[in-house]
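Submitted below is the structure of interest, expressed as structure tokens.
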Amino acid sequence: MSKLSPTLARVLLWSLCALVLSGSSRTRADEAATRGFFEAHCLKCHDTETHKGGLDLTALKPEFASPENFARWVKVHDRIASGEMPPRNQPRPPAAEIKSVATWLNQTLTAADRARLDRDGRTLVRRMTRAEYENTVRDLFDLPGIALQGGLPADGMAHGFDKNSDALDISHVNMAKYVEAADHALDLAIATQPKPPTLLKQRISLARHVGHILGNGDAVLLKDKGLDPNYPPAGDQPHIGQGAHEQIGSFNTGSSVGVFRHEDESFNPYFLDFATLYPGRYRIRASFWGFQWDQGKVLPARGIEAARLSAVQLGEDGRGGGHPSYVLGYYDAPSLEAQMHEFVTWLNFKETIGFNTASLAPALNYNRKGRAMAFTGPGIACDWLDIEGPLHDVWPPRGHRVLFGELPLIKLKPTDQKGVRAPRRKVLNQEIVHVTNRPDPVSGLWTVHSEQPPADADRLLATFLPRAFRRPVEDSVRAQYVEQVTARLKAGDCFETAMRWVYRAALCSPDFLHHLEPSGTLDDHAMACRLSYFLWNSMPDETLTELAASGKLREANVLRDQVERLLNDPRSQRFIEDFLGQWLRLRQIAANDPDRKLYPEFSPYLQDSMVAETRAYFRELIARDLDASYLVKSDFAMINEKLATHYGIPGVHGSAIRRVTLPPDCPRGGFLTQASILKITANGTTTSPVPRGAFVMARLLGKPPEPPPPNIAAVEPDVQGATTIREQLAKHRSDASCASCHAKIDPPGFALETFDVIGGERTRYRSIGQGDPAPRGSIDPFIGIGFKLGPPVDASGVLPDQRKFRDIHEFRSLLAADSTVLLKNLTQQLAIYGTGRDLGFSDREEIDDLVERTQKNGGGVRTLIHELIQSKLFHTK
Amino acid sequence: MNSRTFSLRRTPSPLAVLMSVALSAVASRADEKPAPAKPSEIKHTITGLCCREREDDLRAAAKKMMGVTLLSVDFENSEATFAYDPATLFPQEKPERFIELFDNLLKSASTHTFGVKAPSRLPRDKLTLIEIPVLGLDCKGCCLGTYHSIYRIEGVERATASFKECRVTALIDPAKTNRAALEKALKDAGVMLKEPGK
């Protein structure tokens, strides 16, 4: 340990004095004590010569304008305050001395941080995220499924979320895409005909679209829960000539289709009689049932099977196929009993409906002797799918009325409108081959008519601009838009085109794209926005806007009522999905596909169920106001049959997620042991305690570990089964530079070694090399098992505070016992997400107060959301 | 189809003669007040009549053809007799196109599973009947698919494929094709041939 040189000591003392004078009211005695503390306990290791851990305190100047410098001082404070420094192997300073120094640093750093916030503001101006933008356009124009996100550049991420201004840059690329998006929204919103499109009602048989697999025995035609006599199942001989069968009408008989084959690389069936021409709401009905097939006999099913319907975006003329754009849902197919499912969904241009036998294991008959007549196994029957739409309860639609109010649509006669440019209309054609729905005949060119354009423009913009900009708009601003309308009219545009021009400009303006908040305390309109973008991820509705306009929104009881209303509204699902997508990284659920040899039981249905569980669980925490210990431990789970089978929990049937009481000693319950989290923290082939431990520290405990030092090779788990990851990490930890961090990171990861890469519980690692034959367990009998069982799993560990745990049960209990840490972290995560900024050092006191108030009121998650929204933190820019 | 129309022109069949007569009658009365034309009974060679079960399909298709009545079906000879007036059905068309036009009509009415063609120019005794036992043809669609696989071979004048009799038959011009060519075409289409003695 080197001695402090006189020169360096003087530099340090100067720094400390400056620090004291700049921000503290400490007495000279305290100042001397602080100086003494640093000299006695810190400089031995953290001077210029040694600078252990890369920290040279003598060079650390009290310049807080530099974020990096400030962060270093915060780290110094945190290490001292937590007792981590001085290290255990050094003499411990008296507790009072530690407290004194920590308090001094705390006050100094808080003052410096507040000065920064007073200067810069807390939340910088930021644009909407892609999700916020899409939701805002959807709500503004009542276009609840318009797809815009995919066309916008990806958002960055800072402090764990994409809502932070640090991550939300804007470029010419963004602007070009905003123009495209605005045009697309206006295309959909503006009515171009005096009547709604003809209501289509179409019943579609899957048979017409799976002829090839019917012919080779991967599906069969069924009538009245038995064989279709006109189209026997394929046996030794496949059906000859799919075209001949199509010509002769074999697939147009109204028969049900019993499908054995799961979707795969070359099989993605769609109901391709239909492809959307008019984006809008459509009512879908479908009838499914399950059965057991036994070499030509239709028998009762093994249980409730699940069929998946999805919206499939087709490209060009549809010949190239398409992939499921998004899942519409999983639907029960009870044994030999047709169940009709009905729902209304939004469909975009060229979207059709896809089908999959979600609950079935991949089974192929086409290349097996005897095909369907030699096959015994489960099947899902689809009787039919009805599609009805587009559904309109008013015409012109609401989006059109937002733009043009009650102005009439007239048929434009070019001879009557000399010198006026008519609006351009896209010619609508059915571009997808094979489908049968066609566009309505065009009945001329219809457009909005105004008898007094400038006055109507002013009136329409007076309503539209405040709505779009989410706050009152000054007359002078509106006048600028009206001037543009007038200019466009003079240039020869018709009224619709001129108005469209300014609407597009408004949708691309900073007033629309950015969250503009006043400095200091938020006003009512800014509060309405912050609230709605927090809990709905979208713009305020009329109720919030009216309350803001009346100046009542910020009254505590009004605000409380509104939070309740927003949380109880279906739109709060957007918050749950967006928040969990980032906090728990659910967006990365499909970042890797599990190795098929090691995890053959993995399926898209399982993955979707995983995500649904985590979302439903968080919703349950909010709905029942459960406390933070439930983040890691609970006596219930939100699961369906697929997950229940995966978790080894009996008695759950069907595809619906529901609350299930867990058996005693079940390791499930809480986010920590949910399959989604366990999959996200693995790489698809192996697990490692390091990323999982880091995830627990950062996401659940609020203590993100330091990034690994450079030039340190990553630990590569051994899938051959020769060594365990724990053995490899032990070598890694023998390096002193790694040991200190890994002592904190690894223990949570060790506990989670109880679970494999898809969240299955295990006592031995799976191996594709050495090992013993693996029992089937709950794996579907139609799934081949090629993996072996390798070394046993050791899920024990020691926490940094020396508390020991033997397994995941004990580890969860240790975490749950310190629910304040969990609650504080959740508070921080919600605060960052809800306010769109990182938390400063000076916010710590407010966070601690929030946690305390929440705990006094029961500690529930719903209570926490209320307390956060009532807090000064939330009310301040 | 063009080659068959051409052959019709060079070697007038009884049907063409019949049509010419009917047309002449229509032309001769052109200056008179038009009276409802009396349908003629016209026999056509039918394509796509691959098995007896398809006779009903032919009747159903004929019902969709305005101005046409199906009078009888002769499965053995792949022939059917219709009642219609060609001049009314195909106004302003030349008689040599009538078969082609009737073929189009029948195809439209039967989703292209039936058609008509000119009768074979070869007498029956110059044709050879080939019978090929097959396995597993279990529906009309399979029969039609099997039929398509061999009927398109040049030299095949008539064909049947029966799932009840597990048999494919073809009346061929031995100068143009043979049994081996038929068997290869069947195998290529995925039809399993019954092995001798089994």
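Among the helices (runs of 4 or more DSSP H) lying completely within the range A:456-549, list those that include at least 2 residues that are out of contact with any helix residue (DSSP H, G or I) (no Cβ under 8 Å at 6 or more places or on another chain).
Working: elements: A:475-490, A:495-507, A:510-513, A:524-535, A:542-549.
The helices (runs of 4 or more DSSP H) meeting that bar are A:475-490, A:524-535, A:542-549.
Further question: Name the residue that is nearest to B:ARG52 (Cα to Cα), counting only residues in the range B:112-142 that are crowded, with 18+ Cβ neighbours inside 10 Å and facing chain A (nearest Cβ under 8 Å).
B:LYS140
If you don't mind, another one. Residues in the range A:206-227 that are more than 39 Å from the chain's Cα centre (by Cα) and within 13 Å of chain B (Cβ to nearest Cβ): how many? Outline the logic, then answer.
Within the range A:206-227, the first condition is being more than 39 Å from the chain's Cα centre (by Cα), and the residues that meet it are A:215-217, A:221-227.
Pick out the ones that are also within 13 Å of chain B (Cβ to nearest Cβ) and you get A:215-217, A:221, A:227.
Within the range A:206-227, residues that are more than 39 Å from the chain's Cα centre (by Cα) and within 13 Å of chain B (Cβ to nearest Cβ) number 5.
Could you check how many residues of the range A:228-251 are facing chain B (nearest Cβ under 7 Å) and on the phi < 0 side of the Ramachandran plot?
Adding up the residues that qualify gives 14.
Right, next: Give A:PRO667, A:PRO650 a once-over and let me know the one that is closer than 29 Å to A:ARG308 by Cβ, in contact (Cβ under 8 Å) with a residue 60 or more places away in the chain, over 23 Å from the mean Cα position of the chain (by Cα) and in a loop (DSSP other than H, G, I, E, B). Reasoning before the result, please.
Numbers: A:PRO650 fails: in contact (Cβ under 8 Å) with a residue 60 or more places away in the chain.
From the options A:PRO667, A:PRO650, the qualifying one is A:PRO667.
Only one of (1) away from chain A (no Cβ under 14 Å); (2) touching a residue at least 40 places away in the same chain (Cβ under 8 Å) fails for B:PHE163. Which number is that?
So B:PHE163 meets the others, but not (1).
If you don't mind, there's one more thing I want to ask. Taking the range A:78-121, which residues are among the hydroxyl-bearing types (Ser, Thr, Tyr) and either surrounded by 14 or more Cβ atoms within 10 Å (Cβ to Cβ) or over 25 Å from A:GLU63 (Cα atoms) (or both)? Quick ask: steps written out before the conclusion?
Initial filter on the range A:78-121 (among the hydroxyl-bearing types (Ser, Thr, Tyr)): A:82, A:100, A:103, A:108, A:110.
Within the range A:78-121, A:SER100, A:THR103, A:THR108, A:THR110 qualify.
Okay, next question. For the range B:90-109, which positions are within 14 Å of chain A (Cβ to nearest Cβ), in contact (Cβ under 8 Å) with a residue 40 or more places away in the chain and under 13 Å from the mean Cα position of the chain (by Cα)?
Correct list: B:LEU106 only.
Being surrounded by fewer than 24 Cβ atoms within 10 Å (Cβ to Cβ), within 14 Å of chain A (Cβ to nearest Cβ), in contact with a helix residue (DSSP H, G or I) (Cβ under 9 Å, 6 or more places away or on another chain) and outside any helix (DSSP H, G or I), is that true of even one residue in the range B:147-158?
yes
Restricted to the range B:55-88, and to residues that are within 14 Å of chain A (Cβ to nearest Cβ) and within 15 Å of B:VAL116 (Cα to Cα), which residue is surrounded by the fewest Cβ atoms within 10 Å (Cβ to Cβ)? Quick ask: steps written out before the conclusion?
Keep residues of the range B:55-88 that are within 14 Å of chain A (Cβ to nearest Cβ), which gives B:55-58, B:60-61, B:64.
After this cut, where a residue has to be within 15 Å of B:VAL116 (Cα to Cα) as well, the list is B:55, B:57-58, B:61.
Working: B:GLU55: 16, B:ASP57: 20, B:LEU58: 21, B:ALA61: 22.
Taking the candidates together, the pick is B:GLU55.
Residues of the range A:743-767 being in contact with a strand residue (DSSP E or B) (Cβ under 7 Å, 6 or more places away or on another chain) and either farther than 19 Å from A:PHE811 by Cα or part of a strand (DSSP E or B) (or both), which ones?
Within the range A:743-767, A:PHE755, A:GLU761, A:ARG764, A:TYR765, A:ARG766, A:SER767 qualify.
When the residues of the range A:768-821 are filtered to those that are in a loop (DSSP other than H, G, I, E, B) and polar (S, T, N, Q), which remaining residue is nearest to A:ASP665 (Cα to Cα)? Explain how you work it out, then say what you get.
At the first step, the residues of the range A:768-821 found to be in a loop (DSSP other than H, G, I, E, B) are A:768-771, A:774-787, A:793-796, A:799-803, A:806-807, A:818.
Keeping just the survivors that are polar (S, T, N, Q) gives A:770, A:778, A:796, A:802.
Values: A:GLN770: 31, A:SER778: 19, A:SER796: 16, A:GLN802: 25 Å.
Among those that are in a loop (DSSP other than H, G, I, E, B) and polar (S, T, N, Q), it is A:SER796.
Scan the range A:756-799 for residues that are of a type in the set (S, T, N, Q), touching a Lys or Arg at 6+ places or on another chain (Cβ under 6 Å) and within 18 Å of A:THR673 (Cβ to Cβ) and jot them down.
A:SER796
Tell me which residues, restricted to the range A:275-299, are out of contact with any Gly (no Cβ under 9 Å at 6 or more places or on another chain), surrounded by fewer than 24 Cβ atoms within 10 Å (Cβ to Cβ) and closer than 25 Å to A:ASP228 by Cα.
Hits for the range A:275-299 are A:ARG285, A:SER287, A:LEU299.
Are any of the residues in the range A:762-775 acidic (Asp, Glu) and touching a residue at least 40 places away in the same chain (Cβ under 8 Å)?
So the first thing to find is which residues in the range A:762-775 are acidic (Asp, Glu), and the list is A:772.
Applying the additional criterion that residues be touching a residue at least 40 places away in the same chain (Cβ under 8 Å) yields none.
The answer is no; no qualifying residue exists.
Additional query: Can we say A:TYR270 is crowded, with 24+ Cβ neighbours inside 10 Å, within 12 Å of another protein chain (Cβ to nearest Cβ) and over 30 Å from A:VAL448 (Cβ atoms)? Spell out how you get there, then give the answer.
On the way: crowded, with 24+ Cβ neighbours inside 10 Å: yes; within 12 Å of another protein chain (Cβ to nearest Cβ): no; over 30 Å from A:VAL448 (Cβ atoms): yes.
No; evaluated as a whole, the condition is false for this residue.
Can you pull out every residue in the range A:721-759 that is touching a Ser or Thr at 6+ places or on another chain (Cβ under 9 Å), modelled with pLDDT of 80 or more and farther than 19 Å from A:ALA698 by Cβ?
A:THR754, A:ASP756, A:VAL757, A:GLY759
May I pose another question? Provide a single number: the residues in the range A:557-605 that are touching a residue at least 24 places away in the same chain (Cβ under 8 Å) and assigned to a loop (DSSP other than H, G, I, E, B).
Number satisfying all stated conditions: 17.
What are the residues in the range A:429-471 that are aliphatic (A, V, I, L, M) and surrounded by fewer than 21 Cβ atoms within 10 Å (Cβ to Cβ), if any? Break it down into steps so the answer makes sense when it comes.
From the range A:429-471, those aliphatic (A, V, I, L, M) are A:432-433, A:435, A:442, A:445, A:448, A:455, A:457, A:460-462, A:465, A:468; that's our starting set.
Once the filter is applied, which keeps residues that are aliphatic (A, V, I, L, M) and surrounded by fewer than 21 Cβ atoms within 10 Å (Cβ to Cβ), the range A:429-471 yields A:VAL433, A:VAL442, A:LEU445, A:ALA455, A:ALA462.
Then there is this: Taking the criterion of being farther than 30 Å from A:THR436 by Cβ, surrounded by 15 or more Cβ atoms within 10 Å (Cβ to Cβ) and in contact with a helix residue (DSSP H, G or I) (Cβ under 8 Å, 6 or more places away or on another chain), would at least one residue in the range A:382-397 satisfy it?
Our first condition is that a residue be farther than 30 Å from A:THR436 by Cβ; within the range A:382-397, this holds for none.
Looking through the range A:382-397, none of the residues is farther than 30 Å from A:THR436 by Cβ, surrounded by 15 or more Cβ atoms within 10 Å (Cβ to Cβ) and in contact with a helix residue (DSSP H, G or I) (Cβ under 8 Å, 6 or more places away or on another chain).
Right, something else. Within the range A:254-312, how many residues are in a loop (DSSP other than H, G, I, E, B) and touching a strand residue (DSSP E or B) at 6+ places or on another chain (Cβ under 9 Å)? Walk me through it before giving the result.
Our first condition is that a residue be in a loop (DSSP other than H, G, I, E, B); within the range A:254-312, this holds for A:254-255, A:260-263, A:265-266, A:268-269, A:271-279, A:295-296, A:300-304.
Among the residues that remain, those that are also touching a strand residue (DSSP E or B) at 6+ places or on another chain (Cβ under 9 Å) are: A:254-255, A:260-263, A:268-269, A:271-279, A:295-296, A:300-304.
Of the residues in that region, 24 qualify.
Separate question: Looking at A:ALA616 and the list (1) under 17 Å from A:THR687 (Cβ atoms); (2) part of a helix (DSSP H, G or I); (3) of a type in the set (Gly, Ala, Ser), which single condition is not satisfied?
A:ALA616 satisfies every listed condition except (1).
Answer yes or no: is there a residue in the range B:170-193 that is surrounded by fewer than 21 Cβ atoms within 10 Å (Cβ to Cβ), among the polar types (S, T, N, Q) and either outside any loop (DSSP other than H, G, I, E, B) or more than 14 Å from chain A (Cβ to nearest Cβ) (or both).
yes
The values are calculated or read from the model by the stated rules, or taken from the named source; none is laboratory data. Predicted model only: the values in this text are computed from it and were never measured. A quick note on method: Cβ atoms are made from the backbone with ideal geometry, for glycine too, and the neighbour counts reach across all protein chains shown.
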